[in-house]
Amino acid sequence: MLLAEIKNDAIKFAEVISKILEVDVLIVDNNLKTISNTYHYPDKPMTIHRMSIIGQVITSGNTITIDDKDDYATCRECSDFMKCDMKGFICVPIRYKGAVVGAIALIVPEHKIPHVFSNVNNSIEFLERMADLLSSKIQNSDDYNNLNLIKREREVIMDSIDYAMVSMDELGYITYYNKRFKQYFGENIDCFGMFIRDVIPHKYLTEFLSNYIEFSDRLIYFEKDSRPFYGFLSCMNIDINGSRGGMLFIFKSISDVNIQLNEIGYSNTRMTFKFLEGGLIPEQVIEEAKRLSVTSKTVLISGETGAGEELLAKAMHTFSDRVNNCFITVNCDGTYRELLEESLFGDDRSLHVVGGLGKLQLAHKGTIYFYKIDQMPIYLQRRLVEVLKTGTIYRAGMHGIKVDVRMIFSTSSDLAGLVRNGLFDDELYYRISENTIYIPPLRQDKESLCQLIDSSARFYKEKYDKKSLSFDIQAMDVLLNYSWPGNRNELEKVMDNIVYRCTGQVTSGDLAQFNLMDERESAIKLSLIRDLEKESIAALLASNINKDEVAKTLGISRATLYRKIKKYNL
């Protein structure tokens, strides 16, 4: 097979040798397949098999010379002896990497015997040199094939990378680029051999070509044929044995970065509307949120603190066609104004943001959620209005950057009142309030409250392995009549604490320690509850039924009954 790969070279070699020596030349590989022959003198090709002269040379690796086949025993034993036109024969092996890969033979007619065999050693030496040259051609072919294989492997690897990559020679002329580079910069042209600056005339590339100083992940904005590229550029030198042999540029788009951030769980969510059922969010609110989720409209979620605004925003993102991109949260509450501006719009000099990118850029193709938008400084509100109006972010020293981002806002304040008092930007209010989802407070939705108490109790009883824990009627009355100013967040924390601390049956007295009533209201209610409880126990004891029946009627254990009898001096 190795000789077959250089068949054209073998044919040329055979023709040159034949012309020089005026004899026929035969080149055969180690599978006894003829690679080249001249056959000027015999009328037909000679038969080649394992026991033939060439077969013996290939098998043994030894040179064989025959000046008269009639005197050679192997030839006389050959079935083709009488048919063979050959008179003399010189055959040498062709070696490659220590193995015999074929043979090269001179087929000498009778009239050429004296000339060729007058100095047979010269003829053998000449053939051996030719065999060595063929071996070097095999080496070249092998090296070329290996290089092609390496090149192809490199191309497959580079094409599989999500980043755009382009390699150049030491002058900056393109030697290779992957599919993503073509998608970004060369969709309508063949960039091979082009000067990189003619393809991407950007100052960062010009700078690198002038000083060859490497850099990584520099923010770049470039627009070609009305197609913008926004992302990061890395430029590096290719060093080969200590010498500069070319350059490699890597382009990472913002979309690529966002996908990677998603893959490692950065600001991502898989919250679903299914999870919010069962009391977390009222059914009618979920239906309205679903309707708006399938659009790209800006949404304002209004409700008291802890009503579940962020959970609803995350579920809307998961339900939308942006689910495979980032969900980014911007907390406008309690963030120092300069840090908030950096995190939102980005700053190349800042250490607080990823690669100088702001959250508006990181949320490209995804969703950005503004928690407590009423707390955002007005000058930032006005910058946000520009993004809503134009879909463009403006930063000092850069062109406007287009972003495709869905915005969801939440507030627990009366924004209309803040606008009237000059405490909130009126244009931002009118732009975000067109589609408002209101989450009612928990105290106004007794059905959701019951469901949430029940599901929270089940969850934490399972969590703390307290499946026998229960709530008496008075305890449930306290939970249902508490105002829950912190709404769902407060209820979750309280239920966690109750189940963790209490055992057996939870009573209204047990709940007193959790501050579920103000002091005055708590004292009055607890006093009434205790009086009712005392009267109920006294009446049952006076009916002469045994204490087991009394405990069963009250829904408490016998031990609890005895404690209450002692407590009330009954």
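Each reported figure results from applying straightforward, stated rules to the coordinates on display, with no laboratory input. Only a predicted model underlies this, so the values are computations on that prediction, with no experimental measurement involved. Positions of Cβ are generated from backbone atoms using ideal geometry, with glycine treated the same way; all protein chains shown enter the neighbour counts.
Of note:
- Phi angles of the range 285-294 translate, via the Karplus equation with coefficients 6.51, -1.76, 1.60 and θ = phi - 60°, into HN-Hα couplings of 5, 4, 5, 5, 5, 4, 4, 7, 4, 7 Hz per residue; Gly and Pro are given as x.
- If both residues of a DSSP beta bridge must be in the chain, then about 70% of such bridges are antiparallel.
- Unit charges on C-beta of K, R, D, E only; dipole of the range 116-162, Debye: 160 debye
- Cα gyration tensor shape of the chain, rounded if a/c is under 1.5, else prolate or oblate by comparing a/b with b/c: prolate
- Contour minus Cα-Cα distance for residue 283 and residue 20 (0.36 nm per residue): 84.9 nm
- Long-range lysine pairs (8 or more apart or interchain), the range 267-440, Cα under 20 Å: 19
- The range 267-440, relative contact order [Cα under 8 Å, separation at least 6], %: 31 percent
- Relative to the longest principal axis of the Cα atoms of the chain, the long axis of helix 519-542 lies at roughly 70 degrees.
- q = 0.14, 0.17, 0.20 Å⁻¹, the range 267-440: log10 I(q)/I(0) [Debye, one scatterer per Cα]: -0.72, -1.06, -1.44
- Under 5 Å between amide hydrogens, built in the peptide plane, is the criterion, and for residue 200 it picks out nothing among residues at least 5 positions away or on other chains.
- Amide H partners (placed H, <5 Å) of residue 108, local residues excluded: 87, 88, 89, 90
- Acute angle (nearest 10 degrees) that the helix 7-21 long axis makes with the longest principal axis of the chain, alpha-carbon atoms: 10 degrees
- Exposure proxy order (Cβ contacts within 10 Å, fewest to most) of 510, 159: 159, 510
- Amide H partners (placed H, <5 Å) of residue 245, local residues excluded: 238, 239, 240
- Positive end of the dipole of the chain (Cβ unit charges, origin at the Cα centre): among 286, 113, 157, the Cα lying farthest that way belongs to 286.
- Label point 7 Å beyond Cα of residue 99 along Cβ direction - residues of the range 6-40 with amide nitrogen under 16 Å: 6, 29-33
- 3J(HN,Hα) along the range 244-253, derived from phi through the Karplus expression 6.51 cos²θ - 1.76 cosθ + 1.60 where θ = phi - 60°, amounts to 6, x, x, 9, 9, 10, 10, 10, 10, 6 Hz, with x in place of Gly and Pro.
- Relative to the Cα centre, the charge distribution of the chain, modelled as +1 at Lys and Arg Cβ and -1 at Asp and Glu Cβ, gives a dipole magnitude of about 1700 debye.
- Per-residue Karplus couplings for the range 181-197, computed as 6.51 cos²θ - 1.76 cosθ + 1.60 with θ equal to phi - 60°, are listed in order as 4, 4, 4, 7, 10, x, 4, 9, 9, 9, 8, 4, x, 7, 6, 4, 6 Hz, Gly and Pro entered as x.
- Given their separation in residues at 0.36 nm each and the Cα-Cα distance between them, residue 8 and residue 115 gain 35.6 nm when the chain is fully extended.
- Listed by chain and number, the lysines whose alpha-carbon sits under 30 Å from that of residue 552, ignoring those within fewer than 8 places in the same chain, are 446, 461, 463, 466, 467, 525, 534, 564, 566, 567.
- At R0 = 51 Å, FRET efficiency that the Cβ-Cβ distance of residue 179 and residue 126 yields, to 0.05: 0.45
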